[in-house]
Amino acid sequence: MAEQTVKLKLDTRQFDQGMQRVKGGFGGLATAIAATAAAFGGLQVAKGFLTTARSIENLKFQLAALTGSTTEAAKAMEILQTFAGGVPFELGEIQKAAPSLLAVADSTEELNELLAITGDIAAASGLDFQTVALQLQRTFSAGIGAADLFRDRAVKSMLGFQEGVQYTAAQSRDLIINGFRDQTIAI
């Protein structure tokens, strides 16, 4: 059998023109997708602002209910914002923790002290700010024995509580607050 060679000459002009149309179509599609993403991103940003505004309004309502007055609630909000400006915790975390701390604070002014204690314990223990606030609320309401996470993370011993000794809520509160005031707690 003899081998035969066939030479073909392709005219790719129509193919090239077709590819240009396809590329143009994809370019238009890419532009449309980018515009949609930008619009969606803008909606997400707007939604984020609305969510933040709503959460702040809800917090103001909670603070007013806890303090019994809108004036005290406004003072509490100012304390939260001032505190948030000087610590590495996000304002959202602090806002979520505030009602728990304010529920056990003797006054709006004490809130600032409880925020500082919460921040110190959170930084030393690796627990998040809101979790520490909830554990402090449990401690101040029912005693250190009610704060299971403080026991599990060795915060209880860090705060100066002796193992095997039962502490009332008042004793637990005094030990923590006075320890931080006296700076005797090694955190």
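The values are calculated or read from the model by the stated rules, or taken from the named source; none is laboratory data. Just so it is clear, the model here is predicted, and its values are computed rather than measured. When we count neighbours, we look across all protein chains shown, and the Cβ atoms used for this are built from the backbone with ideal geometry, even at glycine. Quick note on the areas: whole protein, heavy atoms, side chains included, nothing else; ligands and nucleic acids left out. Shrake-Rupley method; radii C 1.70, N 1.55, O 1.52, S 1.80 Å.
Segment residue 110..residue 170, full-extension length gain: 20.0 nm, with 0.36 nm per residue of separation and the alpha-carbon distance subtracted.
The fraction of accessible area contributed by carbon and sulfur in the range 86-159 is 46 percent, rounded to a whole number (1.4 Å probe; ligands and nucleic acids excluded).
Accessible surface calculations at 1.4 Å, restricted to protein heavy atoms, place the range 128-187 at 54 Å² per residue. A simple spin-label model places the labels of residue 120 and residue 71 3.2 nm from each other, with each point 7 Å out along Cα-to-Cβ. The orientation-averaged projected area of the convex hull spanned by the Cα atoms of the range 66-187 comes to 6.9 nm². Under the convention that each Lys and Arg Cβ holds +1 and each Asp and Glu Cβ holds -1, the size of the dipole of the range 55-181 around its Cα centre is about 200 debye.
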